[in-house]
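Colleague: Below you will find the structure I want to go over with you.
The values are calculated or read from the model by the stated rules, or taken from the named source; none is laboratory data. For clarity, every value in this text was computed on a predicted model and none was experimentally measured. A quick note on method: Cβ atoms are made from the backbone with ideal geometry, for glycine too, and the neighbour counts reach across all protein chains shown. Each accessible area value is taken on the protein alone, full model and side chains, heavy atoms only, with ligands, DNA and RNA left out. Shrake-Rupley method; radii C 1.70, N 1.55, O 1.52, S 1.80 Å.
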Amino acid sequence: MATEAKTKYDRQLRIWGEQGQSALEKASICLLNCGPTGSEALKNLVLGGIGSVTVVDGSKVEAFDLGNNFMLDQESLGQSKAKCVSAFLQELNDAVKAKFVEESPETLIETKPSFFTQFTLVIATQLLDRYLLKLDKICWQANVILVVARSYGLTGLVRISMKEHDVIESKPDHFLDDLRLHNPWPELKEYAHTFDLNVKTPVVHKHIPYIVILINIAEEWANTHGGSLPSTRQEKRDFKDQVKAHMLNLDEENYKEAMDASFKVSAPRGISSHLLQIINDSAAEVDSTSSDFWVLVAALKEFIENEGDGEPPLEGSIPDMTSLTDYYINLQKIYQAKAESDCLAMEQRVRNILKRIGRDPESISKASIKNFCKNARKLFVCRYRQLEDEYNTPVLPELQKYLTDEDYSFAVGFYILLRAVDRFAANYNRFPGMFDGDMDEDISWLKTIAVGILNDLGFHGSTIPEDLINEMCRFGGAELHAVAALIGGIASQEVIKLVTKQFVPLTGTFIFNGIDQKSQVLPF
């Protein structure tokens with residue numbers, strides 16, 4: 001990556017690295033409708049250095065657009081909205097290719113479905129359901145990612161549609177360091193044995209790495225407890241007290257660190273149920289059509305059953321700790337050597353599998369294998385349903401649970417009502433509440449439509465709170481900039497996750513409730 005680009009994207013490179021930035025720069029994004037929601041989403045992506053954007057919108061800029069879209073100004077009045085927004089976006093980052101198509105998204109969906117197959121991802125904003133369902137089928141068949149974003153008054157939603165999304169670098173907020181204190185390999189155990197925890201020299205005693213302290217004391221514990229490590233709450237307290245008993249002075253930070261990390265000794269051996277589910281997935285039975293991810297998973301399964309002895313490859317990094325420099329460097333080398341050894345074993349298994357399924361044994365790079373090994377414990381697989389399936393065959397127990405849950409009742413209400421206003425628009429060619437004189441009648445019609453949707457789903461007798469129906473009519477289909485900016489921001493965040501294949505994207509429908517200032521994800 002060029003020095004100029006490194007300087008420009010310095011902050012985000014610290015989050016997703018050069019590999020993630022490279023993926024962004026190769027991506028081609030299509031935006032349907034460049035109102036405030038779509039413009040805000042693209043603004044964030046353009047500033048982030050996305051490769052190219054194509055804005056599709058057939059409308060002209062009107063006076064009301066200037067009140068909620070910062071990508072337009074007075075001079076834009078009467079001009080192509082797609083052209084104006086595209087020009088403003090280009091000014092934000094000249095490294096991004098910004099194009100526009102002055103045509104209605106609905107027309108393209110109906111007449112030129114092949115148009116969408118050229119993109120990495122399509123962001124569909126403010127589309128009515130009947131066009132959204134058609135677009136979803138087009139993208140699904142072409143393996144193009146679809147991100148749906150909608151803002152409507154004080155509510156909005158974001159949803160992802162694709163067959164499968166595999167994440168290697170899920171980067172969870174909280175995850176135990178891979179130190180193997182509960183199951184040290186021979187070289188680590190041998191190094192730990194070179195230390196005497198009873199040494200009386202203060203400088204040495206207060207600089208023994210806490211990893212070494214815990215391995216030795218865990219061994220002491222196991223020798224007096226039939227080979228078992230602490231498992232119950234009381235045993236964990238007793239083990240912590242045993243660590244504390246080795247302190248010579250109260251100011252020994254290394255022993256305080258050992259006490260804080262003592263729970264890691266009790267970590268269960270083997271792999272998590274989540275990782276077990278992934279390696280036993282039917283997709284791990286690979287063939288020549290399998291993705292690189294599933295080839296790596298197949299190799300991981302073999303590794304765990306053989307060289308790993310029930311464990312995944314070691315990550316190979318250790319946290320900062322109180323220690324003499326030499327002690328820390330030696331410990332670091334031991335972890336790195338084990339990680340490299342595991343990675344070599346994984347690489348050999350990957351090459352053998354590729355050869356077995358008739359692919360080039362070198363088609364997966366060593367760097368990719370190394371990255372996979374480093375993140376093997378944190379893999380994530382997201383599978384999605386088509387919008388048509390969600391609408392026609394919902395997961396009724398889940399929907400019922402959230403519909404009757406007081407904490408989620410408004411979110412589910414907005415979810416149903418956002419579909420209801422689209423049916424209203426299809427029937428009456430306008431959104432409810434657009435004209436003050438029709439408000440009472442529109443409330444009655446919208447309620448009837450919402451109840452009809454609930455009946456279609458099998459929830460006879462269920463209703464939506466009257467207050468929500470009144471509010472939806474009061475919104476009148478407006479895109480408020482504050483809500484649009486939030487929904488656009490969430491959409492762009494999900495796009496970055498999907499393109500970089502880092503962090504775990506939404507696996508349900510994100511609903512924003514601006515009345516109560518709540519954001520919730522409905523998992524159906």
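Results for (1) charged (D, E, K, R); (2) exposed (fewer than 15 other Cβ atoms within 10 Å of the Cβ); (3) touching a residue at least 12 places away in the same chain (Cβ under 8 Å); (4) within 15 Å of VAL243 (Cα to Cα), shown as yes or no for each residue.
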| site | (1), (2), (3), (4) |
| --- | --- |
| ASP177 | yes, yes, yes, no |
| LEU188 | no, no, yes, no |
| HIS193 | no, yes, yes, no |
| ASP196 | yes, yes, no, yes |
| ILE208 | no, no, yes, yes |
| ILE211 | no, no, yes, yes |
| ALA218 | no, no, yes, yes |
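Colleague: Among what's in segment 17-39 and is in a loop (DSSP other than H, G, I, E, B) and of a type in the set (Gly, Ala, Ser), pick the residue that is farthest from GLY488 (Cα to Cα). Please lay out each step first, then the result.
Modeller: Taking segment 17-39 first, the residues in a loop (DSSP other than H, G, I, E, B) are 27, 33-35.
Checking which are of a type in the set (Gly, Ala, Ser) leaves us with 27, 35.
On the way: ALA27: 18, GLY35: 10 Å.
The selected residue is ALA27.
Colleague: If you scan segment 409-441, which residues turn out to be among the hydrophobic types (A, V, I, L, M, F, W, C), open to solvent by 40 Å² or more (accessible area, probe 1.4 Å) and closer than 18 Å to THR463 by Cα?
Modeller: PHE410
Colleague: Answer with yes or no whether LYS333 is among the basic types (Lys, Arg), part of a helix (DSSP H, G or I) and loosely packed, with under 13 Cβ neighbours inside 10 Å.
Modeller: For LYS333, the condition - among the basic types (Lys, Arg), part of a helix (DSSP H, G or I) and loosely packed, with under 13 Cβ neighbours inside 10 Å - is met.
Colleague: If you check LEU31, LEU24, which single one turns out to be under 30 Å from LYS370 (Cβ atoms), open to solvent by less than 10 Å² (accessible area, probe 1.4 Å) and either more than 28 Å from the chain's Cα centre (by Cα) or touching a residue at least 60 places away in the same chain (Cβ under 8 Å) (or both)?
Modeller: Numbers: LEU31 fails: under 30 Å from LYS370 (Cβ atoms).
The unique qualifying residue is LEU24.
Residues are listed down the side, and each one gets a yes or a no for (1) part of a helix (DSSP H, G or I); (2) on the phi > 0 side of the Ramachandran plot; (3) more than 16 Å from the chain's Cα centre (by Cα):
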site	(1), (2), (3)
ASP467	yes, no, yes
ASN470	yes, no, yes
ALA485	yes, no, yes
ILE490	yes, no, no
GLN493	yes, no, no
PRO505	no, no, no
ILE515	no, no, yes
VAL521	no, no, no
PHE524	no, no, yes
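Colleague: Now a separate question. Filter segment 386-408 down to the residues that are in contact (Cβ under 8 Å) with a residue 60 or more places away in the chain and either crowded, with 16+ Cβ neighbours inside 10 Å or touching a helix residue (DSSP H, G or I) at 6+ places or on another chain (Cβ under 8 Å) (or both) and list them by number.
Modeller: GLN386, LEU387, GLU388, GLU390, TYR391, PRO394, LEU399, TYR402, TYR408
Colleague: Then there is this: How do the pairs read when you match residues in segment 322-342 that are within 25 Å of GLY308 (Cα to Cα) and aliphatic (A, V, I, L, M) with residues anywhere that are open to solvent by 40 Å² or more (accessible area, probe 1.4 Å) and at pLDDT below 95, using Cβ under 7 Å and keeping only pairs 6 or more apart or on different chains?
Modeller: Sorted first by the residue in segment 322-342, then by its partner, the list stays empty.
Colleague: Also: Would you confirm, using the coordinates I've provided, whether PHE115 is aromatic (Phe, Trp, Tyr), surrounded by 20 or more Cβ atoms within 10 Å (Cβ to Cβ) and out of contact with any Phe, Trp or Tyr (no Cβ under 7 Å at 6 or more places or on another chain)? If you could, list the steps in order and put the result at the bottom.
Modeller: Values: aromatic (Phe, Trp, Tyr): yes; surrounded by 20 or more Cβ atoms within 10 Å (Cβ to Cβ): no; out of contact with any Phe, Trp or Tyr (no Cβ under 7 Å at 6 or more places or on another chain): yes.
For PHE115, the condition - aromatic (Phe, Trp, Tyr), surrounded by 20 or more Cβ atoms within 10 Å (Cβ to Cβ) and out of contact with any Phe, Trp or Tyr (no Cβ under 7 Å at 6 or more places or on another chain) - is not met.
Colleague: Which one of the conditions (1) assigned to a loop (DSSP other than H, G, I, E, B); (2) open to solvent by 10 Å² or more (accessible area, probe 1.4 Å); (3) not hydrophobic (A, V, I, L, M, F, W, C) does ARG14 fail to meet, given that it meets all the rest?
Modeller: (1)
Colleague: For ALA283, work out the one condition from (1) open to solvent by 80 Å² or more (accessible area, probe 1.4 Å); (2) outside any loop (DSSP other than H, G, I, E, B) it doesn't fulfil.
Modeller: (1)
Colleague: May I pose another question? Anything in segment 303-329 that is among the acidic types (Asp, Glu) and either open to solvent by less than 30 Å² (accessible area, probe 1.4 Å) or under 27 Å from the mean Cα position of the chain (by Cα) (or both)? List them, or say none. Give the steps one after another, and end with the answer.
Modeller: First pass over segment 303-329, keeping only residues among the acidic types (Asp, Glu): 305, 307, 309, 311, 315, 320, 326.
Those that are among the acidic types (Asp, Glu) and either open to solvent by less than 30 Å² (accessible area, probe 1.4 Å) or under 27 Å from the mean Cα position of the chain (by Cα) (or both): GLU311, GLU315.
Colleague: A further question follows. Residues being open to solvent by 20 Å² or more (accessible area, probe 1.4 Å) and either free of Cβ contacts under 8 Å to residues at least 40 places away in the same chain or in a helix (DSSP H, G or I) (or both): count how many of those fall in segment 40-58.
Modeller: First pass over segment 40-58, keeping only residues open to solvent by 20 Å² or more (accessible area, probe 1.4 Å): 43-44, 47, 58.
Those left that are additionally either free of Cβ contacts under 8 Å to residues at least 40 places away in the same chain or in a helix (DSSP H, G or I) (or both): 43-44, 47.
The total comes to 3.
Colleague: Looking only at residues in segment 108-154 that are among the polar types (S, T, N, Q) and within 16 Å of CYS34 (Cβ to Cβ), which one is farthest from the chain's Cα centre (by Cα)?
Modeller: Across segment 108-154, the extreme among qualifying residues is GLN126.
Colleague: Which residues, taken from segment 233-289, are closer than 30 Å to HIS207 by Cβ, without any contact (Cβ under 8 Å) to a residue 40 or more places away in the chain and of a type in the set (A, V, I, L, M)?
Modeller: Result: VAL243, ALA245, MET247, LEU250, MET259.
Colleague: Before we move on, is ASP65 in contact with a helix residue (DSSP H, G or I) (Cβ under 8 Å, 6 or more places away or on another chain) and free of Cβ contacts under 8 Å to residues at least 40 places away in the same chain? Steps first, please.
Modeller: Working: in contact with a helix residue (DSSP H, G or I) (Cβ under 8 Å, 6 or more places away or on another chain): yes; free of Cβ contacts under 8 Å to residues at least 40 places away in the same chain: yes.
In short, yes.
Colleague: All but one of (1) within 19 Å of the chain's Cα centre (by Cα); (2) more than 13 Å from VAL55 (Cβ to Cβ); (3) at pLDDT 95 or above; (4) not aromatic (Phe, Trp, Tyr) hold for ALA41; which doesn't?
Modeller: (2)
Colleague: Follow-up. Just to be sure I understand the filter: pairs with C-beta atoms under 8 Å, separated by 6 or more residues or on different chains, first member in segment 121-137 and at pLDDT 95 or above, second member surrounded by fewer than 22 Cβ atoms within 10 Å (Cβ to Cβ) and polar (S, T, N, Q). Which pairs pass?
Modeller: Sorted first by the residue in segment 121-137, then by its partner, the pairs are LEU121/SER28; ASP136/GLN386; LYS137/GLN386.
Colleague: Is it true that some residue in segment 368-376 is outside any helix (DSSP H, G or I), closer than 30 Å to ASP281 by Cα and either within 21 Å of the chain's Cα centre (by Cα) or at pLDDT 95 or above (or both)?
Modeller: Yes: segment 368-376 contains one or more residues that are outside any helix (DSSP H, G or I), closer than 30 Å to ASP281 by Cα and either within 21 Å of the chain's Cα centre (by Cα) or at pLDDT 95 or above (or both).
Colleague: Select the strands (runs of 3 or more DSSP E) contained entirely in segment 129-203, then report the ones holding at least 1 residues which are of a type in the set (Ser, Thr, Tyr). Show your work before the answer.
Modeller: Values: elements: 145-152, 155-161, 164-167.
Answer list for segment 129-203: 145-152, 155-161.
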